[in-house]
Structures are given as C-alpha cells and as structure tokens.
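Below: the structure, in structure tokens.
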Amino acid sequence: DTEVTQTPKHLVMGMTNKKSLKCEQHMGHRAMYWYKQKAKKPPELMFVYSYEKLSINESVPSRFSPECPNSSLLNLHLHALQPEDSALYLCASSPENSGVGGEQFFGPGTRLTVL
Amino acid sequence: AQKVTQAQTEISVVEKEDVTLDCVYETRDTTYYLFWYKQPPSGELVFLIRRNSFDEQNEISGRYSWNFQKSTSSFNFTITASQVVDSAVYFCALKSNFGNEKLTFGTGTRLTIIP
C-alpha cells in the first residue's frame with residue numbers, strides 16, 4: 001500500500017461547527033504533515049508529527065488542533081473556523097525523519113469551505 | 001533563508017511539443033534536496049523526483065528528464081512529446097539536510113497541453 005488517504009474529500013461547515021479531517025497511511029512512515037493550500041498558491045506547512053509527537057507548529061491558530069493517535073493516523077480538529085480558512089487541506093507522510101531528505105507522499109486532500 | 005523561484009507562471013504548448021519548466025533555488029546549506037511534484041486538477045500532489053545536492057547526474061524517466069546544475073542553482077524539468085495528461089501545476093521544492101522537515105515550495109508553473 002503506497003498511498004495516503006484522506007477523508008472527507010469535501011467538507012462544508014459553518015463558523016460554529018466542530019469537524020475533523022482524517023488522514024491515514026500504511027507505509028510505515030514515521031513523519032506526517034498537514035498543509036493548507038489556497039487557490040493558485042503552493043502548499044503551506046501547518047504541522048509536522050515525528051514518531052507521533054508534534055515536532056513543528058508553524059504558528060497555526062488554535063482553532064486548528066492536530067492529533068496523531070498512532071503512527072498511521074493523523075487528524076486535524078477544526079473549531080470556530082473563519083471563511084478565510086477555506087482551502088484544500090493536504091496530508092503527507094515521509095519515510096525519513098528530520099535531517100534526511102525523504103520525499104513526502106501526499107494524499108488527495110480535503111476541500112474545505114467555511115460559510 | 002531558502003527560496004525557490006519558478007519564474008514561469010503559466011505555459012501552454014501544443015501536444016507533442018517539448019516543454020521545459022525552470023526552477024532556480026537559493027540556499028546556504030551545502031547538503032540539500034530538490035524535488036518536483038505534479039498537481040493535476042484533482043488536487044493531489046504527485047511526487048516525481050528527488051535529487052540530493054551531491055548528485056548532479058541528470059535523470060531521465062520515460063518522457064521526463066531533469067537537469068540539475070549546481071553552478072547555476074537550477075533544477076529544470078523537461079517533458080518530451082507532451083501529452084494532454086501532462087496538464088497540471090508543477091511545483092519545485094527544496095529541503096535542507098539540517099533542522100526541520102520543512103519543504104520550501106516554488107510558486108508553481110501551470111502547464112496546459114493543447115490537443
């Protein structure tokens with residue numbers, strides 16, 4: 001299995017809702033990532049988990065809360081989002097840890113719309 | 001600071017033509033990694049190639065080839081005999097061998113192959 005899966009594919013939520021994005025990989029990768037991508041822009045890193053511990057938080061607002069329940073799963077909990085948070089949210093995983101140039105494998109993304 | 005520049009915002013070519021996507025990077029690190037990713041309209045980022053800074057050999061994979069020139073800090077990507085399925089946004093990215101897992105992306109080049 002050489003893929004990263006993400007659910008849901010599309011999500012529409014109101015500003016008062018609580019929702020979660022899910023990401024799963026079964027490649028034995030020990031680093032997992034959340035990215036946010038706005039239209040016509042490159043992906044922006046949000047969080048990195050390394051060996052199930054949060055290693056990087058790129059000053060993301062607290063309305064985004066990541067969670068790594070185990071080495072295969074990565075969640076992103078959403079609460080009280082703003083319309084400007086509407087974007088494509090990409091999950092990725094990498095076989096190698098900090099300091100080594102392991103390529104990142106991306107999932108298909110969740111297209112989030114905040115009303 | 002690291003930087004990746006993809007000066008070509010959009011390129012259109014007729015099917016079967018060859019096309020080269022430019023990528024110029026800046027880094028102070030002596031060891032680093034360069035990547036190309038393809039993002040079709042479906043949204044998923046597809047890994048194409050990784051090259052480390054010690055390996056200046058050019059690479060060919062089918063209709064794809066990459067030219068890494070450390071002297072000019074460039075890592076260009078050529079598609080030979082382009083096909084409609086090559087239409088996508090292509091991102092060049094850079095990663096240091098030290099510090100964290102952060103990929104520095106270029107702004108992307110939108111390639112349209114005209115049938």
**OP:** Classify the stretch B:52-115 as rounded, prolate or oblate, taking a ≥ b ≥ c as the square roots of the eigenvalues of its Cα gyration tensor: rounded when a/c is under 1.5, otherwise prolate if a/b is larger than b/c and oblate if not.
**Re:** oblate
**OP:** Using label points projected 7 Å from each Cα along Cα→Cβ, tell me how many nm separate residue B:18 and residue A:18, to one decimal.
**Re:** 5.8 nm
Original post:
Among residues other than residue B:16 whose Cβ falls under 15 Å from its Cβ, what is the net charge (Lys/Arg +1, Asp/Glu -1)?
Top reply: -3
Original post:
By the scheme Lys and Arg +1, Asp and Glu -1, what is the net charge of all other residues having a beta-carbon under 14 Å from that of residue A:80?
Top reply: +1
Original post:
Just counting partner chain Cβ atoms within 10 Å, what average do the residues of peptide A:69-79 show around their Cβ?
Top reply: 0
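Counting DSSP beta bridges with both partners in chain B, what percentage is antiparallel, nearest 5?
90 percent
Could you tally the net charge around residue B:41, taking each other residue with its Cβ under 15 Å from the Cβ of residue B:41, Lys/Arg +1 and Asp/Glu -1?
Net of charged neighbours comes to +2.
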Original post:
Ranked by Cβ crowding within 10 angstrom, fewest neighbours first, how are B:113, B:60 ordered?
Top reply: B:60, B:113
Original post:
Ranked highest first by average number of other Cβ atoms within 10 Å, how do B:105-111, B:8-14, A:102-108 line up?
Top reply: A:102-108, B:105-111, B:8-14
Original post:
Which of the pairs A:53/B:38; B:16/B:38; A:18/A:53; A:53/B:70 have their Cα atoms more than 25 Å apart in this structure?
Top reply: A:53/B:38; A:53/B:70
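Please say if chain B is rounded, prolate or oblate, where rounded means a/c under 1.5 for a ≥ b ≥ c the square roots of the C-alpha gyration tensor eigenvalues, and otherwise the choice is prolate for a/b larger than b/c and oblate otherwise?
Here chain B falls in the prolate category.
Rounded if a/c is under 1.5, else prolate if a/b is larger than b/c, else oblate: which is the stretch A:17-99, with a ≥ b ≥ c the root eigenvalues of its Cα gyration tensor?
Prolate.
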Original post:
Across the residues of B:31-42, average count of Cβ atoms on other protein chains within 10 Å?
Top reply: 2
Subject >> Relative contact order (%) - criterion: Cα under 8 Å, at least six apart; region: chain A >> reply: 37 percent
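Read-outs throughout are calculated quantities, based only on the coordinates presented, and are distinct from any laboratory measurement. In this text, all values refer to a predicted model and were calculated from it rather than measured experimentally. Note that we place each Cβ from the backbone using ideal geometry, even for glycine, and neighbour counts take in every protein chain shown.
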